[in-house]
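The values are calculated or read from the model by the stated rules, or taken from the named source; none is laboratory data. Quick caveat, the model's predicted, so the values are computed rather than measured. Cβ placement follows ideal geometry from the backbone for every residue including glycine, while neighbour counts extend to all protein chains displayed.
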């Protein structure tokens, strides 16, 4: 006889819009083989299979009042924001043009084209401040919509009031509070909003930001000098992780838990292993932004040697 440990809800939704919001809160799960380590599984967001479903919804709200139907949205993205925007464009009736770098995974580009987005690859290694300011100015000068995830305060505020609030309630429900919070640095929105909410609820929480090593490209995360906002206000420490180390984190989680996490999640897990050497057996919170499936081609270059 099967015994179901989840909630009593049957997860039946009358529309895709209801589905997007109805799967919140996303799961918080203990990675018990690694100690008192809890992971927020953001790949349970259904559109981009990433935390960026939330980010885009937070940023779209103020534009919804003015009517987006038929308008063109232009936004720079390294992947998941683009997929979330392309999906929501089909739900709400706007058009989307994605500006991205030469490192965009081929799988992500295929997904964007399936969803009907226009993809503009720019011959650059990363989305830095010069890049996204150019996209912003181009959109504004042509009368298009630019959400500006990199400067828009609705990004961290949304994660404070929604994602962070979910996590606080989830920890309280099991009588726990995190001592160390580890998250990747992208736009800076989710690490900043969640960190602020955790500290308001639990007081002294040590915040670790994860960025790629210089010269290393990890999809979805950026170095602070790329123009990331807000992060320096909340982090106690930055850990640099290389692509091969991120892949190693993906493999360790897969073989230790059965979860297939993405590269930024693998980078977060690798950073956790390093931070644990100093903090020991305390309660950790890790945010896993997305899952493995967009990055199989990248991971394949490393996995046969492990």
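Taken residue by residue, region 67-79 has at least one member that is buried (at least 23 other Cβ atoms within 10 Å of the Cβ), modelled with pLDDT under 95, in contact with a helix residue (DSSP H, G or I) (Cβ under 6 Å, 6 or more places away or on another chain) and part of a loop (DSSP other than H, G, I, E, B). Yes or no: residue 11 in contact with a helix residue (DSSP H, G or I) (Cβ under 6 Å, 6 or more places away or on another chain) and either modelled with pLDDT under 95 or crowded, with 22+ Cβ neighbours inside 10 Å (or both)? Judged against the criteria, residue 11 is not a match. Checked against the criterion of being in the same structural domain as residue 262 (by TED's automatic domain parsing) and either farther than 26 Å from residue 129 by Cβ or at pLDDT 95 or above (or both), the candidates 216, 226, 173 yield just one match: 173.
Taking into account only those residues within region 251-266 that are assigned to a helix (DSSP H, G or I) and in contact with a strand residue (DSSP E or B) (Cβ under 6 Å, 6 or more places away or on another chain), which is nearest to residue 106 (Cα to Cα)? Talk me through it step by step, then tell me what you get.
First pass over region 251-266, keeping only residues assigned to a helix (DSSP H, G or I): 251-257, 263-266.
From what's left, in contact with a strand residue (DSSP E or B) (Cβ under 6 Å, 6 or more places away or on another chain): 253, 264-265.
Working: 253: 24, 264: 17, 265: 20 Å.
Across region 251-266, the extreme among qualifying residues is 264.
Take residue 248 and decide whether it is part of a helix (DSSP H, G or I), assigned by TED's automatic domain parsing to the domain that holds residue 182, surrounded by fewer than 23 Cβ atoms within 10 Å (Cβ to Cβ) and in contact (Cβ under 8 Å) with a residue 12 or more places away in the chain. So residue 248 fits the description; yes. Taken together, the residues in region 165-180 that are touching a helix residue (DSSP H, G or I) at 6+ places or on another chain (Cβ under 6 Å) and closer than 25 Å to residue 263 by Cβ amount to 1.
Of the helices (runs of 4 or more DSSP H) that lie entirely inside region 86-164, those containing 2 or more residues that are without any contact (Cβ under 8 Å) to a residue 12 or more places away in the chain, within 21 Å of residue 59 (Cα to Cα) and not assigned by TED's automatic domain parsing to the domain that holds residue 296 span 129-141. Within region 81-106, the set of residues being closer than 15 Å to residue 221 by Cα and at pLDDT 95 or above comprises 81, 82. For region 14-52, the tally of residues that are touching a helix residue (DSSP H, G or I) at 6+ places or on another chain (Cβ under 9 Å), farther than 30 Å from residue 282 by Cβ and assigned to a helix (DSSP H, G or I) stands at 4.
Out of curiosity, is residue 263 in the same structural domain as residue 192 (by TED's automatic domain parsing), within 19 Å of the chain's Cα centre (by Cα) and surrounded by fewer than 24 Cβ atoms within 10 Å (Cβ to Cβ)?
no
Within region 267-293, the set of residues being farther than 16 Å from residue 191 by Cα and in a helix (DSSP H, G or I) comprises 270, 273, 274, 275, 276, 277, 278, 279, 293.
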